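The values are calculated or read from the model by the stated rules, or taken from the named source; none is laboratory data. From a predicted model like this one, the values you see are computed outputs, not experimental measurements. Glycine gets a Cβ as well: all are built from the backbone with ideal geometry, and neighbour counts include every protein chain shown.
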Amino acid sequence: MKFATKAIHAGQEPDPSTGAVMTPIYQTSTYWQKAPGDNQGYEYSRGTNPTRKALEDCLAALENARFGLAFSSGMGATDAVMKLLKPGDEVITGNDLYGGSYRIFTKIFANYGIKFHFLNLHEPEIINEYVNENTKMVWIETPTNPTMQVVDIQAISSIAKARNLTLVVDNTFASPYLQNPMDMGADIVMHSVTKYIGGHSDVVMGALMMSDEDLYKRLWFIYNSCGATPGPMDSFLVLRGIKTLHLRMKAHCENGRQVAEFLKDHPKVERIFWPGFTDHPNHHIAAKQMRDFGGMISIVLKDADLQETFRIASNFKVFTLAESLGGVESLINHPATMTHASIPKETREAAGVVDNLLRLSVGVEDIEDLLEDLKNALA
Ligand SMILES: *Cc1c(COP(=O)(O)O)cnc(C)c1O
């Protein structure tokens, strides 16, 4: 099946008990057993629930994976992946990560004896310099948040395979519509479903997709044991959101392109980060591994101190100043004090997250209203 068909149908059949076309919200914690152990595959909703199962099968299909697991947040999904490791293990990751990923690595899992190497992965071969017998995993994010750096998934996957490391790709920014890391050799794809997949800024959820059965069983054991699993109502909302993922992504990409073009030569903009520009340093990799370039754009304001950056960020009428991204509505965010505030200043600035950087999540409103809003706010 092609993407649009999977977005609408994968994992979903008319309900066998009623014929309901839409997957019902199975709002139950437990299931009847005819005799102890004689059940219909469902025992307790922490581990399995039919609404969540439909969603998980749909998520797996979108990423060309065999298995999907939904979590109560993106961080819940990340937490489960890290629990595959044990004290003494080492992880190689990028130096330009989602702030919450950096925080859980350095403030939670470092305390459990796991060591993280934060590297600039533009030259993937650098990984080889850090691999030793304790290295177990490579965790990458592409495009990165918020500076839209793109790393070569295929090149990193070749190294990970040669060194027997599990490759995890946080695919939140691209969404499965734009990029499928499993097809490039990833072992696990992670999503903050909260963002493009959910798409309506009304649910917090995460997901992991994988094809190796043993890995799936290990992750399901963690998911069921630790219990960060989402409820049926949220699962239903995401199933509903996914039905328009392909339509929304097309519109995000189209509006994103027009906003990027508008901002590129704007006198108040010193730098712009959007992988669709041919002069973006990783444009060739983006063009190779992504189907289009998305609606996430960051800009560095010219000659703006923190106060002026705040003034501009608060000046918008259509774009809403808020954390998060990927919903139908356009959002603007000040990473240094909002999404990336948990990263120490020097580390943050070294990754390009300076005080005068603003991140836009371009929504699917009418493009003329978005451009007008940008024009007025930057005036
Ligand atoms: C939001 C986000 C996460 C965390 O997901 P939550 O659903 O907020 O827990 C992880 N990675 C990226 C790239 C994100 O944008």
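Restricted to region 60-171, the set of strands (runs of 3 or more DSSP E) holding at least 2 residues that are crowded, with 19+ Cβ neighbours inside 10 Å, within 14 Å of the chain's Cα centre (by Cα) and of a type outside the set (S, T, N, Q) comprises 67-71, 135-141, 166-170.
Just one of the listed residues (MET209, MET184) is away from the ligand (no atom under 14 Å from the Cβ), in the same structural domain as TYR223 (by TED's automatic domain parsing), in contact with a strand residue (DSSP E or B) (Cβ under 6 Å, 6 or more places away or on another chain) and not hydroxyl-bearing (Ser, Thr, Tyr), namely MET209. Output yes when any residue across region 316-328 is assigned to a helix (DSSP H, G or I), among the acidic types (Asp, Glu) and more than 17 Å from ALA377 (Cα to Cα), and no when none is. No, region 316-328 has no match at all. For region 344-379, a residue qualifies if it is surrounded by 14 or more Cβ atoms within 10 Å (Cβ to Cβ), under 19 Å from ASP305 (Cα atoms) and among the charged types (D, E, K, R), and the qualifying residues are ARG348, GLU349, ASP355, ARG359. Looking only at region 34-55, residues that are modelled with pLDDT of 95 or more and among the polar types (S, T, N, Q) come to 4 in all.
Of all the residues in region 184-224, those that are under 18 Å from PHE173 (Cα atoms), hydrophobic (A, V, I, L, M, F, W, C) and in a strand (DSSP E or B) number 6. Taken as a whole, the structure leaves ARG359 outside the set of residues that are part of a helix (DSSP H, G or I), within 16 Å of the ligand (Cβ to nearest atom) and within 30 Å of GLN154 (Cα to Cα). In region 312-327, the residues that are more than 28 Å from VAL238 (Cα to Cα) form Cβ pairs under 6 Å with partners that are at pLDDT 95 or above and in a loop (DSSP other than H, G, I, E, B), at six or more places apart or across chains, as follows: ALA313/HIS334.
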